[in-house]
Structure formats: structure tokens, C-alpha cells
Amino acid sequence: MNKNDNSQSFCFRCYHLWKKRIKSRPSKYCPRCKSPYWNKPRKKVSKEFVLKMKEMIVKIHNTIIKLSGGEMGIRDDGGVYNSTYKLLNHQYKNQRNPKSIGAFAINEFAKRHYFIDGNKRTAYALAKIFMLINGCHLRVQYKEATPFILEIAKYESKTTFEDIKKWFNGNCSLIDQKDVENYLNKTALYLMLGDE
């Protein structure tokens, strides 16, 4: 996949990525789920959607391990499902506060070690992706964010959810909805797609 290709569309309903037939014309519906609301985030969380999103998170984790090294595998499959459900619900309740969504993703996935390796990298990628979907760009690269994420992930960490939100407030910027697709293409979607 060409990450700088602006001829691609992203469905906020089923998280499908496809190439536009005509670059200048917006798509009327998602070719996979057929939703005419493909460019608006989902409001209600179904069991099927949680399962689909959980699979996507595992795929993101596996791609991170392939790209940056480490041991593949899930330590707690039920935990990944539970945190995915909680993250999607948090997103629904806080659609106007993408920094809170990013803080929740980091807090939920960095503290709990669901994967054998790459938990903090996965938490960072999820925060970045979920924030982009909700119109906010995390400007800090993973290398710069690592000391703070390590503090969050520490056993009996003193870092609170409010501390994480404050950190996000200083390291994020809101983006126009029309630019969300470009940011996703440039920074995050390749994690979802892996080798496809």
C-alpha cells in the first residue's frame, strides 16, 4: 500500500480501506458494509463490531511485532476483548473529546499486558489511530512518548487517567474532518493492513 496515496477511502463503520475509482468524487457508500455513513464514526457498539475491532487490534499488534521485533502472541484473549469493548464505549461517550479517547486507549492497553510483547507500542498505535478517527493528531513520535508510556505501564504506577489526559492536551492538535483520511494514510493505516 502506498501510504501517501490520497485516492483511498476509509470506512469508520467497518474499518475497511478501499481505493477510490474516481479520485475527485467522494464515495457514496462503503463497498464492504454498504453503509452510506462510512465517513462518520459508529455510535452504538454491537458484539460483532467488538469482535471485528478486537481482530483489528490483534492485527495491529502483530504488524508492530513484525516491523519492530519482539515475540508474537496473546497472553489474555478475553482481556483484549474486554478492553476493546470498553474503548469503543468510551469512544461513543466521548466523541467530542478525542484526547480522552487517546488517554483511555493508552491507559487501558499499556497497563494490562494482554500480549506477550509489544503492549506499550500497541497502546501508542491504538491511541494514535483512535484519536485520528475522531479528528485529533498525536504529534509526539513513539520514541519521544516512551518514557511517559513506561511510567503508565509500571507496576503500581502513580500516573492517573487525569495525568494522561493532561499529557495528551499538550501533545495533540485538532484536525479538520476532511484531513482525517490523509493523516490516517500517512501515519496509521499501514499498521491495520500489515502485508496486504
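The values are calculated or read from the model by the stated rules, or taken from the named source; none is laboratory data. A quick note: this is a predicted structure, and the numbers were derived from the prediction, not measured. Backbone-built Cβ (ideal geometry, glycine too); neighbour counts: all protein chains shown.
Numerical summary
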| quantity | calculated |
| --- | --- |
| Residue ID - modelled with the highest pLDDT, chosen from residues in the range 106-118 that are touching a helix residue (DSSP H, G or I) at 6+ places or on another chain (Cβ under 7 Å) and surrounded by fewer than 21 Cβ atoms within 10 Å (Cβ to Cβ) | Asp117 |
| Search result, residues across the range 92-123 that are assigned to a helix (DSSP H, G or I) and farther than 17 Å from Asn169 by Cα | Tyr92, Lys93, Glu108, Phe109, Ala110, Lys111, Asn119, Lys120, Arg121, Thr122, Ala123 |
| Matching entry among Ile60, Ile65 (being out of contact with any helix residue (DSSP H, G or I) (no Cβ under 8 Å at 6 or more places or on another chain) and within 22 Å of Thr122 (Cα to Cα)) | Ile65 |
| Looking only at the range 126-147, and only at residues there that are within 11 Å of Phe168 (Cα to Cα) and free of Cβ contacts under 8 Å to residues at least 60 places away in the same chain, the one that is surrounded by the most Cβ atoms within 10 Å (Cβ to Cβ) | Ala127 |
| Extreme residue, nearest to the chain's Cα centre (by Cα), among residues of the range 148-171 that are of a type in the set (S, T, N, Q) and loosely packed, with under 14 Cβ neighbours inside 10 Å | Asn169 |
| Unique match (being in contact with a helix residue (DSSP H, G or I) (Cβ under 9 Å, 6 or more places away or on another chain) and either surrounded by 15 or more Cβ atoms within 10 Å (Cβ to Cβ) or over 20 Å from Leu132 (Cβ atoms) (or both)) among Tyr29, Tyr85 | Tyr85 |
| Complete set of residues in the range 102-129 that are more than 20 Å from Ser157 (Cβ to Cβ), hydrophobic (A, V, I, L, M, F, W, C) and in contact with a strand residue (DSSP E or B) (Cβ under 9 Å, 6 or more places away or on another chain) | Ile116 |
| Filter pass, Leu174 being in contact with a Leu (Cβ under 8 Å, 6 or more places away or on another chain) and either within 20 Å of Tyr85 (Cβ to Cβ) or surrounded by fewer than 23 Cβ atoms within 10 Å (Cβ to Cβ) (or both) | no |
| Among residues of the range 64-82, those that are more than 12 Å from Asp117 (Cα to Cα) and surrounded by 16 or more Cβ atoms within 10 Å (Cβ to Cβ), counted | 4 |
| Residue list for the range 16-27, restricted to those being aromatic (Phe, Trp, Tyr) and at pLDDT below 70 | none |
| Scan of the range 84-99 for residues that are polar (S, T, N, Q) and more than 13 Å from the chain's Cα centre (by Cα), ordered by number | Asn89, Asn94, Gln95, Asn97 |
| Enumeration of residues in the range 76-99 that are at pLDDT 95 or above and closer than 18 Å to Phe148 by Cβ | none |
